[in-house]
Amino acid sequence: MAGQSGVARRSKITINTLNRMYKHNEPISMMTAQDYPSGLLVDRAGIDMCLVGDSLAMVALGYESTNPLTVEEMLHHCRAVARGCKHPFLVADLPYGSYETSPENALHSALRFLKEGNVEAVKLEGGEEMAETIRRITRVGVPVLGHVGLTPQRQSALGGFRVQGKTAKQAQALLKDALAVQEAGAFMIVLEAMPAEIASYITQRLHVPTIGIGAGVECSGQVLVQNDALGLFDRFVPK
Ligand code: KIV
């Protein structure tokens, strides 16, 4: 029976639900939220995962990039989303500068997001170079969502928000990164802005789900930035 939410009685999505979906080839849906009402929308739409993405720095706070966002700002948004978003598996981005300096710092930040942000997992950007950090966080029971390809926190070094993996050498590096992140313990990996063939190949080579954004249709699931999906952010329009 559909309740007030319009969604038939739902149970809480856990990491086990997501693993089961992956095993049965069921597509996994993820959408971002940045506050109570947008969290409520993700919940009521029956979406599997909700990401408090640091894209909120741009789409909700008007920053030029995700880089200026602080841990305190992000925690404030996480708590608001968590109040509205009860069923989806809730993940938060670790903000730029809160996890790169050492695995210990990263673990400290990750624990704050679970304790004070009321989320269930953290996402961090990067490949092979972040493996030790991912290992440190996951070994104490904090689920980590990896993120390779276009890593927006590094847009300055990448020369902007550009598609990655266009040459064979770059594509090989992406695969190596994804394998290293998986090996380090990530439960899932976001593949952002890369040719569909590369994302498809990486997905086939991994034994954890991939979530694509601008990476074709052959990932294990898809993520959308809610403001983009609703046409609420017009500084630039994603393809
Ligand atoms: O911050 C964000 O919204 C993200 C998605 C693009 C995956 O990282």
Exercise. Please list, ordered by first then second residue, the pairs with beta carbon atoms under 7 Å, 6 or more apart or interchain, first in the stretch 154-173 and more than 10 Å from MET194 (Cβ to Cβ), second in a helix (DSSP H, G or I).
Key: PHE161/PRO152; PHE161/GLN155
Quiz item: For the stretch 174-191, which residues satisfy the criterion of being assigned to a helix (DSSP H, G or I), crowded, with 16+ Cβ neighbours inside 10 Å and in contact (Cβ under 8 Å) with a residue 40 or more places away in the chain?
Solution: LEU174, ASP177, ALA178, ALA180, VAL181, ALA184
Exercise. Can you work out which of the residues in the stretch 1-31 that are modelled with pLDDT of 80 or more and polar (S, T, N, Q) is surrounded by the most Cβ atoms within 10 Å (Cβ to Cβ)?
Key: SER29
Quiz prompt | Selected residue (only one of GLN172, GLN153, GLN164, GLN222 is of a type in the set (S, T, N, Q), within 16 Å of the ligand (Cβ to nearest atom) and farther than 23 Å from VAL91 by Cα) | solution = GLN164
Quiz item: Listed residues GLU100, GLU132, GLU64, GLU73; which is away from the ligand (no atom under 13 Å from the Cβ), farther than 21 Å from ASN16 by Cα and at pLDDT below 95?
Solution: GLU64
Quiz prompt | Members of the stretch 119-156 that are within 17 Å of the chain's Cα centre (by Cα), in a loop (DSSP other than H, G, I, E, B) and farther than 22 Å from VAL59 by Cα | solution = GLU120, GLY127, VAL142, PRO143
Self-check item: Of all residues making up the stretch 192-203, the number that are open to solvent by less than 10 Å² (accessible area, probe 1.4 Å) and of a type in the set (Val, Ile, Thr)
Solution: 1
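The values are calculated or read from the model by the stated rules, or taken from the named source; none is laboratory data. Worth saying up front: this structure is predicted, and the values here are computed from it rather than measured. Methodologically, a virtual Cβ is constructed for each residue, glycine included, from the backbone with ideal geometry; neighbour enumeration extends over all protein chains shown. Protein only, heavy atoms only, side chains kept; ligands, DNA and RNA dropped before computing areas. Shrake-Rupley method; radii C 1.70, N 1.55, O 1.52, S 1.80 Å.
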